[in-house]
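Student: Handing you a structure now.
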Amino acid sequence: MTPTDLPVVSRDTPAAATPGACVRVCLAIIGHELFAIDLRYVREVFPVQHVTPVPKLPSVIVGVANLRGTIMPLIDVRSALGLSGATGDQPFAVVIKHGPQQVGLLVDDVPEIRTVSRDDVLASPTQSDRASRPFISAVLRVEGRMGGVVEVPSLLAKVEGG
């Protein structure tokens, strides 16, 4: 499935807050690993045609892209997560918005938008995991695979702080 094939979902439906309830997530592949982003923060997915480097930005910001006239900072979290692999020729960006902040998170692929049970979201096993991956708040089980749950406010704080 390509990002343009993703089903349209309503952003008006709040994520449920009760145990056993479901939440909508955008699954993304970064450096061959699976990650989930709460769909409430995701605005769109687009193919990145060109990245314009900008000097003196925090190391996690690789440059900017023009998204229909809006200059969008692009972040690559591979090094911050200890992942190898460079961005391909035509990576995708997941536009993440929280409050006034909006950034494009570079990803290798966006296989799907999915509804997951909160029972499939597990606490991060150790404190050292939080130290090595500061914006991964939990682990998600998806069809026998495990993936990190991106904590968007912490990710955006990392972008601001460098």
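The values are calculated or read from the model by the stated rules, or taken from the named source; none is laboratory data. These figures come from a predicted structure and were not determined experimentally. Please note: Cβ atoms are built from the backbone with ideal geometry, for glycine as well, and neighbour counts cover all protein chains shown.
Student: Would you check if there is a residue in region 77-90 being in a strand (DSSP E or B), in contact (Cβ under 8 Å) with a residue 60 or more places away in the chain and surrounded by 19 or more Cβ atoms within 10 Å (Cβ to Cβ)? Even if it seems obvious, please write down each step before you answer.
Tutor: Step one: of region 77-90, the residues in a strand (DSSP E or B) are none.
Taking every residue of region 77-90 in turn, none turns out to be in a strand (DSSP E or B), in contact (Cβ under 8 Å) with a residue 60 or more places away in the chain and surrounded by 19 or more Cβ atoms within 10 Å (Cβ to Cβ).
Student: Quick one: what pairs do we get from region 137-162, first residue exposed (fewer than 13 other Cβ atoms within 10 Å of the Cβ), second among the hydroxyl-bearing types (Ser, Thr, Tyr), C-beta under 7 Å, 6+ apart or different chains?
Tutor: Gly162/Ser59
Student: Given the criteria exposed (fewer than 15 other Cβ atoms within 10 Å of the Cβ), assigned to a strand (DSSP E or B), at pLDDT 85 or above and charged (D, E, K, R), does Arg114 qualify?
Tutor: Working: exposed (fewer than 15 other Cβ atoms within 10 Å of the Cβ): no; assigned to a strand (DSSP E or B): yes; at pLDDT 85 or above: yes; charged (D, E, K, R): yes.
For Arg114, the condition - exposed (fewer than 15 other Cβ atoms within 10 Å of the Cβ), assigned to a strand (DSSP E or B), at pLDDT 85 or above and charged (D, E, K, R) - is not met.
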